[in-house]
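Working notes, structure below.
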Amino acid sequence: STFTKGEQMVPVLNACGIQCAVYGNHDFDFGIEVLMQRAQATTFPWLMSNVINNETRRPLADGKCSLVIDWH
């Protein structure tokens, strides 16, 4: 939502038992700083392998390039 800038979604996503997430276009609606705050508040990793921060040379929004999940 425009009012909460997605903050209301963090506890919902954390409660869902998500193993990992991938950034999508609407995750960037409120800017990188808000995106990073929301991602840091979640209990699961985020993937971002195709957009690199030009200054840090790392994936944008501190995303992981890859992740191995042990699925039973």
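Of note:
- Residue among 61, 41 that alone is of a type in the set (Gly, Ala, Ser), surrounded by 11 or more Cβ atoms within 10 Å (Cβ to Cβ) and within 9 Å of the chain's Cα centre (by Cα): 61
- So residue 24, is it loosely packed, with under 13 Cβ neighbours inside 10 Å and on the phi > 0 side of the Ramachandran plot: no
- First in region 1-30 and basic (Lys, Arg), second anywhere and surrounded by 10 or more Cβ atoms within 10 Å (Cβ to Cβ), Cβ under 7 Å, 6 or more apart: 5/30; 5/34
- Whichever residue in region 32-50 is modelled with pLDDT of 95 or more and part of a loop (DSSP other than H, G, I, E, B) and, among such residues, is farthest from residue 69 (Cα to Cα): 42
- Residue within region 12-20 that is touching a helix residue (DSSP H, G or I) at 6+ places or on another chain (Cβ under 6 Å) and either at pLDDT 95 or above or surrounded by fewer than 16 Cβ atoms within 10 Å (Cβ to Cβ) (or both) present: no
The values are calculated or read from the model by the stated rules, or taken from the named source; none is laboratory data. Source: prediction; values computed, not measured. Cβ coordinates were reconstructed from backbone atoms using ideal geometry, including for glycine residues, and neighbour counts include every protein chain displayed.
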